[in-house]
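Bear in mind that the values in this text are calculations on the coordinates, not laboratory data. Since we're looking at a predicted model, the values are computed, not measured. Using ideal geometry, Cβ is built from the backbone for each residue, glycine included, and neighbour counts are taken over all protein chains shown.
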Amino acid sequence: MARTQAILSPALLLGLALWARPCLAQEDDPGMVRTLGIDSAQVENAYYLEATYNNDSSPHPIFYLYGEGLFTLTKDLGLEADFPTLDSPEPLGQGPAVLGPIGLNLREEVYHFGGWSSETAGAFSIEGGGAYGFSEPRFPWIGSSWSLEALGGYRVGRLSLQGSYGYQGGLDPEVPSLWQANTSLGYHLALDWYVQGEADFTAVTRPYPNSFWSLVPQVAFQPGDWLFELGEALNSPSGITELMVARAF
């Protein structure tokens with residue numbers, strides 16, 4: 001417990017400091033909101049908190065709480081900090097819980113055009129880094145890994161297309177190595193409201209080869225610098241409910 005608190009306290013302080021950091025988003029924001037499983041491709045100052053609940057029929061579905069911060073180092077270079085996730089079976093407090101990996105990634109925005117006021121806009125970037133995971137025998141899939149990812153977004157009027165495509169390599173034997181392809185199509189309804197549909201595909205290469213997909217319809221509300229988003233995965237045989245709160249500076 002002391003080791004967990006010693007690791008968690010600096011992460012919480014870093015998260016609070018980043019959340020309160022007084023800076024502004026880029027003026028050339030392409031006008032697309034992030035989806036639940038796809039980061040915005042641009043380099044910006046933004047912070048996210050996401051909760052996932054596996055609402056299948058198993059007696060102990062998994063609850064997952066995740067946070068990250070992205071902040072600019074230069075105009076086109078950003079640092080993403082992935083805070084430790086909280087993984088626990090439901091109901092909370094009646095089963096084991098574990099802190100997930102702490103990650104650091106560098107993102108380089110390689111191409112950007114347009115902005116909120118233009119008819120078309122887009123952003124494309126690459127991101128790479130690693131994560132250190134806490135060893136826990138009851139959650140053997142949690143551990144250390146490295147990753148490389150390409151992100152992109154393109155908007156025409158109210159319609160937007162976004163994607164992230166990459167590879168995660170497990171450094172610990174139990175951590176899966178996998179390819180992942182996530183694509184979303186979104187529409188700006190009116191004022192601060194958006195609807196989006198996201199298709200996620202994952203192909204695990206080790207230690208147990210497997211592949212699976214999910215389709216996640218979402219509704220998003222973005223008043224000013226805040227973003228609230230709710231989605232329900234329609235994958236079979238179980239459903240996953242996701243809620244995200246984000247803020248850009």
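Would you mind calculating the relative contact order of region 178-249 from Cα pairs under 8 angstrom and at least 6 residues apart, reporting the percent as a whole number? Mind dumping the intermediate values first?
Values: 150 pairs, mean separation 16.0, N = 72.
For region 178-249, the relative contact order is 22 percent.
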| said: Could you give each residue of region 83-88 its phi-based ³J(HN,Hα) in whole Hz, using Karplus coefficients 6.51, -1.76, 1.60 with θ = phi - 60°, and x for Gly or Pro? | reply: 6, x, 6, 10, 10, 7
| Summing +1 for each Lys or Arg and -1 for each Asp or Glu, what net charge is found among the other residues whose Cβ lies under 12 Å from the Cβ of N182? | -3
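Net charge around G224, counting only other residues with Cβ within less than 14 Å of its Cβ (Lys, Arg = +1; Asp, Glu = -1)? Display every interim value, and only then the final one.
Numbers: positive: R247; negative: D29, D192, D225.
Charge balance in the 14 Å sphere: -2.
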